[in-house]
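Colleague: Below you will find the structure I want to go over with you.
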Amino acid sequence: MAFISIINAYAPESALVFGVFLDLSDIDGNTGSRGDQDLEFVGIRKISGTAGEVRFSKKVLQGDTGGDGHAEFRIVLTDVGFIRAGDLLI
């Protein structure tokens, strides 16, 4: 399980409360490859099996870092109805 840090930033258009962003930048998008690969936010689309995909659906942010089509991390955001790519630091 990855550690998720939350930082404060002013962003009135953010879907998250009072401009709080989720910082996922320390998570390696592909644990099967050397180095540190980026994550990609795919919105509400289902995870396809490509490593690095992050989606948000039904109040759950989840990411596939193994490329197996299954989420290796999940974050429940109970008071958030939607997330845009700009709400995430990835």
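Only the coordinates and a few stated rules stand behind these numbers; no lab work does. Note that the structure is a prediction, hence the values are computed from the model and not measured. Here the Cβ is made from the backbone with ideal geometry for all residues, glycine too, and neighbour counts use every protein chain on show.
Colleague: Positive end of the charge dipole of region 42-90 (Lys, Arg +1 and Asp, Glu -1 on Cβ, about the Cα centre): tell me which of Leu88, Phe73, Gly43 has its Cα farthest that way.
Modeller: Checked the options; the winner is Gly43.
Colleague: Relative to the Cα centre, what is the charge dipole magnitude of region 42-90, using +1 at the beta carbon of each Lys and Arg, -1 at the beta carbon of each Asp and Glu, and rounding to the nearest 20 debye?
Modeller: Approximately 220 debye in magnitude.
Colleague: Say R0 is 30 Å: what FRET efficiency, to the nearest 0.05, do Val76 and Arg34 get from their beta-carbon distance? Each step should come with its number before you reach the end.
Modeller: Numbers: r = 31 Å, r/R0 = 1.05.
It comes to 0.45.
Colleague: Which whole-Hz couplings ³J(HN,Hα) result when phi for each residue of region 25-33 is put into the Karplus expression 6.51 cos²θ - 1.76 cosθ + 1.60, θ = phi - 60°, listed in order with x for Gly and Pro?
Modeller: 5, 8, 8, 6, x, 9, 6, x, 10
Colleague: I'd like the per residue volume of the convex hull spanned by the Cα atoms of region 39-90, given in cubic angstrom. Each step should come with its number before you reach the end.
Modeller: Values: hull volume 3.3 nm³, N = 52.
Each residue corresponds to 64 Å³ of Cα convex hull volume.
Colleague: Put a dot 7 Å past each Cα toward the Cβ at Leu89 and Lys58; how far apart are the dots in nm?
Modeller: 3.1 nm
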